[in-house]
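The values are calculated or read from the model by the stated rules, or taken from the named source; none is laboratory data. As the structure is a prediction and not an experimental result, all values here were calculated from the model. Neighbour counts are summed over all protein chains in view; Cβ atoms, including those assigned to glycine, are modelled from backbone coordinates with ideal geometry. Just the protein is used for accessible areas: all its heavy atoms, side chains included, with ligands, DNA and RNA removed. Shrake-Rupley method; radii C 1.70, N 1.55, O 1.52, S 1.80 Å.
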Amino acid sequence: MTDNVTAMTSPHVPADLPTRIQHYIDGQFVDSTDGDTFDVLDPVSNETYLQAAAGKKADIDLAVEAAKRAFDDGPWPRMLPRQRSRVLHKIADIVESRDARLAELESFDSGLPISQALGQARRAAENFRFFADLIVAQADDTYKVPGRQINYVNRKPIGVAGLITPWNTPFMLESWKLGPALATGNTVVLKPAEFTPLSASLWAGIFEEAGVPAGVFNLVNGLGEDAGDALVKHPDVPLISFTGESRTGQIIFGNAAPYLKGLSMELGGKSPAVVFADADLEAAINATVFGVFSLNGERCTAGSRILVERPVYDEFVERYAAQASRVVVGYPHDPATEVGALVHPEHYEKVMSYVELGKTEGRLVAGGGRPEGFPTGNFVAPTVFADVAPDARIFQEEIFGPVVTITPFDTDEEALALANGVKYGLAAYIWTNHLKRAHNFAQAVEAGMVWLNSNNVRDLRTPFGGVKSSGLGHEGGYRSIDFYTDQQAVHITLGEVHNPTFGKAPASPRGATADAAESKDG
């Protein structure tokens, strides 16, 4: 066994695993109305370990009905922000107290390394805590015309929020949507990814314990074309927040259009990491290795296209390939593991097809197949292709796995053209010690988020989202508050009303009445 494979020789199976997962509707765990289920696989063995209820339109209808009733008649939207804030803080406390168990189940269900799953569980707690604080600190705009008028903005929850979440870091990404949706007083129907329903099923118990009223949170498992499609098309769901593939986002956009729903969609990415010759190469290599191989490469903001200035290109490729070859592949529960198992055999086959394609489109300098010691399961060795042309499919298309391309450039203009030369525009990473270049390049690159001489470090107050095929709208911080609320402008007159008057009757001429009386008498 090579030194980049962990010593743990058998996979870990958590104790007390459920054998089935139900929906959670109006405070009750329920099966699908038609009794249908689907298999959920363990990504290490690819064997079925539980059955999940397969929701369809009828189940979505019940969940939306419960959520709408809780919104129209229940206490949650009418609570003071401080009251909801206390509940959200209690949710964060519970998640933090159970982070080890949450990470264990998430790692088993998704294939994420346990150390990274633990960080994601703690981040989920932080998401709730952040929005619990934000809604209490929220201050809306007021505009005054002294002595004449006051105009202020009143924020109101919208109604039932439809939340559709992906299978990479599922628990954390669910919290990212649940936190602001609930903080602002909405009720929700969550449709988690069918590959990874295990951690989502834990929200119901957490919310009950924290004091969330029945009907405020509802969960329907199922396939995207069934449960997800029904949620998007439901007339009583005025807004949809979706994270997933760009093609799925296009379908959702079309299906939501007849209802004029509010949409927030964070979609695919093929983000560039641009390394100039004057950069700190050690820092750039460390960051770009982590940026594409962490979370098994299954991350939307992965810097999966590395563009390197020609004078340092050969050195960069050599050092990068050597470091990528040392990335530790192992069973997800092993604390030493840096890359675990991909989520599902369907996704594994997709990633491996790109690896094989890459061997015809670039120069393979690391990885390129199944790592030694793992004859079964969805394991892919960290794979690096150098000398990749910009028209190559592995350069243009999102792979969403531990696969990276490296391409040289000669000028700033060429680097920018390469960076912008794909349909995606989610993130970009720029490595240079030239201050003017850094800022000019950041403003010219087509990306919703840019990191300068930095790994992907999020500040929860900043907007998260992409341009082009990478998304529609932004969430994060006050942008999430904007998305999950209606903003109503209220105008109040303080002094005399000054406005034009249409149709005003003309004043009667003086004496006209008396003259008319005399004429009548005479």
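Pull up the DSSP beta bridges for the chain and report the antiparallel fraction as a percent, rounded to 5.
Details: 30 of 70 bridges.
Counting only bridges with both partners in the chain, antiparallel ones make up about 45 percent.
Sorted by average packing, counted as other Cβ atoms within 10 angstrom per residue and highest first, what order do 230-243, 19-32 take?
230-243, 19-32
If I stretch the segment between residue 363 and residue 208 completely, what's the gain in nm (0.36 nm per residue apart, minus their alpha carbon distance), one decimal? The partial results should precede the final answer.
Working: separation 155, 0.36 × 155 = 55.80 nm, distance 5.39 nm.
Full extension from residue 363 to residue 208 adds 50.4 nm.
Under unit Cβ charges (Lys, Arg +1; Asp, Glu -1), what dipole magnitude, rounded to 20 debye, does the chain have relative to its Cα centre?
That gives the chain a dipole magnitude of about 1580 debye.
Beta carbons within 10 angstrom, averaged per residue: use that to sort the peptides 361-371, 391-401, highest first.
On the way: 361-371: 18.2, 391-401: 19.7.
Order by mean packing, descending: 391-401, 361-371.
Along Cα→Cβ, 7 Å out, is where each label goes; now give me the distance between the ones at residue 417 and residue 502 in nm to one decimal.
The modelled label-to-label distance comes out at 5.8 nm.
Less than 17 Å apart at the alpha-carbon level, and either on another chain or at least 8 residues along: which aspartates and glutamates does that give for residue 68?
26, 59, 236, 486
Say the cut-off is 21 Å between C-alpha atoms; which of 191/233; 156/233; 56/156; 57/233 go over it?
Numbers: 191/233 13 Å; 156/233 23 Å; 56/156 30 Å; 57/233 10 Å.
Violating the 21 Å limit, Cα to Cα: 156/233; 56/156.
Can you compute the helix-only [θ] at 222 nm over the chain? Use -39500 (n - 2.57) per DSSP H run of at least 4 residues, normalise by all residues, nearest 500 deg cm²/dmol.
Here the helix-only value at 222 nm equals -11500 deg cm²/dmol.
So, with +1 on the Cβ of K and R and -1 on the Cβ of D and E, and no other charges, what is the size of the charge dipole of the stretch 371-514 about its Cα centre, to the nearest 20 debye? The partial results should precede the final answer.
Values: 10 positive and 15 negative charges, 185 e Å.
Magnitude of the dipole: close to 880 debye.
Carbon and sulfur: what percent of the chain's accessible surface (1.4 Å probe)?
Working: 11660 of 22210 Å².
So the carbon and sulfur contribution to the accessible surface is 52 percent.
Going by the alpha-carbon gyration tensor, a ≥ b ≥ c the square roots of its eigenvalues, is the stretch 307-352 rounded (a/c under 1.5) or, if a/c is not under 1.5, prolate (a/b greater than b/c) versus oblate? Can you show the working numbers first?
On the way: a/c = 4.47, a/b = 1.78, b/c = 2.51.
The shape class here is oblate.
Show me the ranking of peptides 493-504, 267-278 by mean Cβ neighbours inside 10 Å, starting with the highest. Walk me through the numbers before you get to the answer.
Details: 493-504: 7.2, 267-278: 24.7.
So the peptides 493-504, 267-278, ranked by packing, come out 267-278, 493-504.
Projecting each Cα onto the charge dipole of the chain (Lys/Arg +1, Asp/Glu -1 at the beta carbon, about the Cα centre), which of 260, 429, 62 comes out farthest on the positive side?
After comparing all options, I get 260.
Can you give me the Cα centroid spacing of the stretch 295-319 and the stretch 389-458 in angstrom?
10
Roll a 1.4 Å probe over the protein chains and send me the accessible area per residue for the chain in Å². Mind dumping the intermediate values first?
Numbers: 22210 Å² over 522 residues.
Accessible area per residue: 43 Å².
Between the alpha-carbon centers of the stretch 83-98 and the stretch 214-250, tell me the distance in whole angstrom.
25
Determine which residues of the stretch 268-288 fall in the zone a paramagnetic label at residue 444 would reach in this model, i.e. backbone nitrogen under 18 Å from the point 7 Å along Cα→Cβ.
272-279
Under a cut-off of 16 Å between alpha-carbon atoms, report the lysines in cross-link reach of residue 423, not counting same-chain residues fewer than 8 places apart.
Of all the lysines, those that pass the test against residue 423 - Cα under 16 Å, at least 8 places apart if same chain - are 270, 468.
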